Amino acid sequence: MTIGILALQGAFAEHEAMLEALAADYREIRQRKDLTDDLAGIILPGGESTVQSKLLHELGLFEPLRQKILQGLPVLATCAGLILLAQEVSNDEPSMATLPVRVRRNAYGRQLGSFARAGDVADLRGFPLRFIRAPYIEACLDKKVQVLNETEGHITAVRYHNQLAMAFHPELTRDLRIHSFFLDMVAKRKELALGA
């Protein structure tokens, strides 16, 4: 079970460290040939969403990756990754538009550009939330979007079928629970595929 990690820009090395701590196999996705059918899931890291989107287009990765997600490939998206997936971005153009939410980029502004809290993410109690010039979700555009976390009155983590997306950075903590939860999602999808 190999997880792809988009490694064009941003905090991909930190996600790799989390998967290593969980003894999970992973491969960096840097070019079209890396995006193979054996991938069981993919991680879209935090960073600069505009740069990542531009590089995805330039490298011919954008549409193949988008199609894999639409076809059910489990994805964990953090910060910039959330912006990449969002169907609408209130202060920018949308990118992959696979996740039916409306997001605001750099939503907390310069003064609160980075901050930390502890909060519950679904059933994960007291998770350390690290926000760095973070977006938040202004609205869910489909009733099937599950809200997993709200911080200071704003939605900051959701799940929609195979897509797990959050405004904060679990990879910048020592808490492995979100990555473990994602690996469970991946394993369950694989079991369903084998049973079909």
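The values are calculated or read from the model by the stated rules, or taken from the named source; none is laboratory data. All values reported here derive from a predicted model rather than from experimental measurement. As a convention, Cβ positions derive from the backbone with ideal geometry for all residues, glycine included, and neighbour counts pool all protein chains shown.
Tabulated data for the structure shown
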{"read-out": "Count of residues meeting criterion [loosely packed, with under 12 Cβ neighbours inside 10 Å, touching a Ser or Thr at 6+ places or on another chain (Cβ under 8 Å) and at pLDDT 95 or above] in the range 23-74", "value": "1"}
{"read-out": "Residue, farthest from residue 82 (Cα to Cα), within the range 119-141, restricted to residues that are under 16 Å from the mean Cα position of the chain (by Cα) and of a type in the set (Lys, Arg)", "value": "130"}
{"read-out": "Unmet criterion (only one of (1) of a type outside the set (Val, Ile, Thr); (2) without any contact (Cβ under 8 Å) to a residue 24 or more places away in the chain; (3) closer than 25 Å to residue 54 by Cα) for residue 99", "value": "(2)"}
{"read-out": "Which listed residue is in a helix (DSSP H, G or I), more than 12 Å from the chain's Cα centre (by Cα) and touching a residue at least 24 places away in the same chain (Cβ under 8 Å), from 17, 40, 13", "value": "17"}
{"read-out": "Test result for residue 192, surrounded by fewer than 16 Cβ atoms within 10 Å (Cβ to Cβ), of a type in the set (A, V, I, L, M) and either touching a strand residue (DSSP E or B) at 6+ places or on another chain (Cβ under 7 Å) or more than 19 Å from residue 25 (Cβ to Cβ) (or both)", "value": "yes"}
{"read-out": "Selected residue [over 15 Å from the mean Cα position of the chain (by Cα) and basic (Lys, Arg)] from 66, 30", "value": "30"}
{"read-out": "Unmet requirement for residue 121, which otherwise passes all of (1) closer than 28 Å to residue 70 by Cβ; (2) out of contact with any helix residue (DSSP H, G or I) (no Cβ under 7 Å at 6 or more places or on another chain)", "value": "(2)"}
{"read-out": "Enumerated strands (runs of 3 or more DSSP E) restricted to the range 80-179, each holding at least 2 residues that are on the phi < 0 side of the Ramachandran plot and surrounded by fewer than 15 Cβ atoms within 10 Å (Cβ to Cβ)", "value": "114-121, 146-151"}
{"read-out": "Selection count where residues are in a loop (DSSP other than H, G, I, E, B) and on the phi < 0 side of the Ramachandran plot, scope the range 43-79", "value": "8"}
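Here is a yes/no grid of residues against (1) farther than 21 Å from residue 181 by Cα; (2) of a type in the set (Val, Ile, Thr):
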residue	(1), (2)
33	yes, no
78	no, yes
81	no, no
89	yes, yes
99	no, no
